[in-house]
Amino acid sequence: MAVQLPNLALPTAFLGKLDPKARRSLLVALFTLLLLRGRIADLPQRALAKLRNVTSRPDISQEELAQALQQVYIDEPDGSKTLLVPHKGQISKVNIKPTPGAVIAQNAKHFPLVPASHKPNLDKTFLRQLFAILRIAFPSWHSKEALILVSHSFFLVLRTVLSVGVARLDGHIVRNLVSADSKGFAKGIGMWFLLAIPSTYTNSMIKHLQAKLSLRMRSRLTRYTDDIYLSSAPHLRYYRVALEGGLDDVDQYITSDIGAFCDALSGIYGNVLKPALDLVLFTSQLSRSLGIRGTAMLFLNYYITARILRAVTPAFGRLAAVEARLEGEYRAGMGRVGRESEEVAFYGGGLRERSILWRAYLRLIRHVNSIYKIRIAYEWTEDFVIKYLWSAAGYCLISIPVFFTRRRRHVGVQAHGPRPNEGVDNEVANRTETYISSRRLLLSLADAGGRLMYAYKDLLELAGLTTRLYTLLSTLHNLPPLPMPTPDPKSVVALRNVDIGVPSIAPVFLAAAEGESQANGNGHANGSAKGSGTVLVRGLSFELEPGEHLMITGSNGVGKTAIARVLAGLWAAQGGGVVSRPLGKEGVFVVPQRAYMVTGTLLDQIIYPDSYPQFAASGRTHEELMEILAAVNLAYLPAREGGWTTRKEWRDVLSGGEKQRMGMARVFYHRPKFAILDECTSAVSSDVEGRMYEHAKSLGITLITISLRPTLMRYHTQLLTVAGDGTGRWTLKRIGTAEERMDLDREIVSLEGRLADVEKWEARLKELERLLSVQELEA
Ligand SMILES: Nc1ncnc2c1ncn2[C@@H]1O[C@H](COP(=O)(O)OP(=O)(O)OP(=O)(O)O)[C@@H](O)[C@H]1O
């Protein structure tokens, strides 16, 4: 393929025709352009950023900034959200559109599960997985990502064309040097600088566009993944992905693997396209001076190189996937210590944790080291082949026209045609020019070959990362939706003949896992290691009308919380039973056993899971929030912590009891029809606990309490006791009328009082025994 080169003689001739003053000004202008190229390249971006920022006032007040920080986002009428991001003293507005359910359903077809035994490689499966992911990263041909890709490709082609120009100019300058043509030499140097401007600009644009492409793909994929991962009922994928999907350390997949995949993919595009283009263009250029024999040898050289390197290339894809998994395990360990630091500190478990983390780190490092070792042999062969074999082949190829062509009439890479006054000197100059141009082309060719070989290794690593990302996306897409509870028209909570059991890994994943264990796969666990599928409570039936309060009790681990999970719709009811309840958090609101504090302000803690914009839209006031805090004995918090907008790590700031009371404050804020309270007042003093229970009832909230404390029985009308003897038996009893409950209360209080005296009686008994034994001895 003969590619027409830009004729460099033209600009040189044009410069030559200019008078010295004009030439100087032109060169000064070009240098200025060279120096300011960074700022010039930034111009369109700055203009775009200005357009995007709806609020472009340079300085906003601290108050406005605080307001924006609290507001976080604005709900738009079309269902999208506009995020308010404080940025350099301004507020940037970023509109985020949630992924429509139809798009997710459409995409699900492209993400069938891969068996855990699948090993990442450059095969059909890799292409299928890559295209499935690319459908998300490039949603259409007129998306911004596609535009960046086109610009990136343009600069990649431009760089190759410029490289050929540089090679020609190189030969031309040396030719003028050999033939002592000072004017031609000076012109060549001028051209050299002229060519440097687009060349350097092109290089920086390629890097910039590559990074930008990676970032945009990452944003697309992260947003999409977040949309499906953080899905609400009936999917609840964030909750079910580990237990039912068998995928651990999802945070590593989302925060790290997506970024690594995008970097690898955007890099690979340049690393494959550019050298491949170089190879075609330089080969075509060289073949014009090498002739058929030379070109055939060049191709033979390519073929031998490819065979050698293919034979010595290790399974980089699998190695990359394992590295990402080990990285995830180490990261998860670190996260756990950060999260549970206080518990670890109380136990003095620092050294133990260190040894656990060291083990995880060493596993990772050992693996990375083994990759490095494998790479030595590979890179040694690659260097030998690309640098030395190709250079030797290059010298031989260049010598072909010199030794075997008697009289060269025309050389393809030569800047000018044959000169009319050819003498011996000119012949040497021409030969030098050809040699220098061909040598530079061959060096570039070797470089292109080297990069292509590296690209092969990168491609294998990309295959590994693709498999990781595909595993995440296919797991999320294939989690079957949970059966939705039937909305009850009478607003009752009812279970009819429901078996309660730990969900096992979904059958669709078990089928794909083909009995392989996680150790040799890509993250899918063996189902038997997860939920056992054993039934905890059998044939459970009850119906709870508003105003009827239920207490669930039973020994530890019998399945009390499991009942709450089924009622809340987190676990599916088993055994064909039916769950009916009023829907939404206005219907049933659960306060779990472990207190959860959200990132944000003090106000955010009370209104969770609502956000500040929802609070603002509801018309509720700070006074109301204050009343709620008073009801849970936390009225001192806003003053103590510096107001409603204070942001702190509330998990650490609040005490255990305070966190539990905050959980009750959420119930009072949302005022659901039913509240499931799962041991959520175990650390609260009984007087405050009692007041909170009374307050909940006065608000018309029907309580379903899971507790082992008999003192709480007085606030309930029904008692469900789970036997916990392995049979799944249970009993449901009425606790009685208010008067009966008062009697029970009185009895409980008197029994508790008498129990408190047991220690005293035991001590007295011991004392008497001691006295008796002393008297016996004396007798
Ligand atoms: N995600 C899970 N994976 C496997 N087993 C689980 C899971 N969640 C709960 N279980 C098991 O189910 C059983 C019942 O758990 P549940 O949390 O309902 O107990 P509980 O009755 O509330 O106990 P406690 O009074 O100690 O809170 C336990 O044996 C527990 O180990």
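We did not get these values from a lab; they are worked out from the coordinates using the rules stated. Values in this document were obtained by computation on a predicted structure and should not be read as measured data. All Cβ positions, even for glycine, are placed from backbone atoms using ideal geometry, and neighbour counts span all protein chains on display.
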Per-selection metrics, segment 257-320 (Cα): Rg and Dmax in Å: 16.1, 48
Segment 274-341 and segment 159-214 have their Cα centres apart by a whole-number Å value of 28
Sequence-distant or interchain residues sharing an amide H contact under 5 Å with Glu340, placed H: which? none
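Is the C-alpha gyration tensor of segment 148-273 telling us rounded, prolate or oblate? Criteria: a/c under 1.5 is rounded; beyond that, a/b larger than b/c is prolate, otherwise oblate.
prolate
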Ordered by number, the GluC sites (Glu not before Pro) in segment 577-657 that occupy a DSSP loop and have at most 16 other Cβ atoms within 10 Å are Glu586, Glu649
What ³J(HN,Hα) values, in whole Hz, does the Karplus curve 6.51 cos²θ - 1.76 cosθ + 1.60 give for segment 468-478 when θ = phi - 60°, with x put for Gly and Pro? 4, 5, 5, 4, 4, 5, 5, 5, 5, 5, 8
Which one, Val344, Leu177, Thr225, projects farthest toward the positive side of the charge dipole computed for segment 133-476 from Cβ point charges (K/R +1, D/E -1)? Leu177
Enumerate the calculated ³J(HN,Hα) couplings along segment 458-463 in order (Karplus 6.51 cos²θ - 1.76 cosθ + 1.60, θ = phi - 60°), each rounded to whole Hz, writing x wherever the residue is Gly or Pro. 4, 4, 5, 5, 4, 4
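Arrange His367, His142 by Cβ neighbour counts within 10 Å, fewest through most, would you? Provide the component values of the computation, followed by the final result.
Details: His367 16, His142 7.
Final ranking by Cβ density, sparse to dense: His142, His367.
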Taking H placed 1.01 Å from N in the peptide plane, check which residues at least 5 places from Lys648 or on another chain put their amide H under 5 Å from its amide H. Gly600
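If we count other beta carbons within 10 Å of each Cβ, what is the order of Leu472, Leu236, fewest first? Show your work: numbers first, answer last.
Details: Leu472 26, Leu236 19.
Result, fewest neighbours first: Leu236, Leu472.
Going down the table (Lys97/Lys144; Lys97/Lys585; Lys207/Lys387; Lys81/Lys659; Lys274/Lys387; Lys585/Lys733), which pairs top 22 Å between alpha carbons? Spell out each step's value before the answer.
Numbers: Lys97/Lys144 15 Å; Lys97/Lys585 24 Å; Lys207/Lys387 25 Å; Lys81/Lys659 30 Å; Lys274/Lys387 19 Å; Lys585/Lys733 28 Å.
Table pairs above 22 Å Cα-Cα are Lys97/Lys585; Lys207/Lys387; Lys81/Lys659; Lys585/Lys733.
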Ratio of Rg to Rh over segment 493-735 (Cα coordinates, Kirkwood Rh, two decimals): 1.02
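Which value, to two decimals, describes the C-alpha radius of gyration of segment 133-476 once divided by 2.2 N^0.38 Å?
Values: Rg = 26.9 Å, N = 344, 2.2 N^0.38 = 20.2 Å.
Cα-based Rg divided by the globular estimate yields 1.33.
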Amide H of Leu482: which non-local residues (sequence gap of 5 or more, or other chain) have their own amide H closer than 5 Å, using H built in the peptide plane? His235
If you stretched the chain out fully between Asp78 and Phe138, how much longer would it get, using 0.36 nm times the residue separation minus the C-alpha to C-alpha distance? 19.3 nm
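Using Cβ contacts closer than 10 Å as the measure, can you line up Arg647, Arg734, Arg240 from fewest to most?
Details: Arg647 14, Arg734 11, Arg240 23.
With the fewest neighbours first, Arg647, Arg734, Arg240 line up as Arg734, Arg647, Arg240.
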Per-residue ³J(HN,Hα) for segment 256-267, Karplus 6.51 cos²θ - 1.76 cosθ + 1.60, θ = phi - 60°, Hz, x for Gly and Pro: 10, 5, 5, x, 5, 4, 5, 4, 5, 5, 5, x
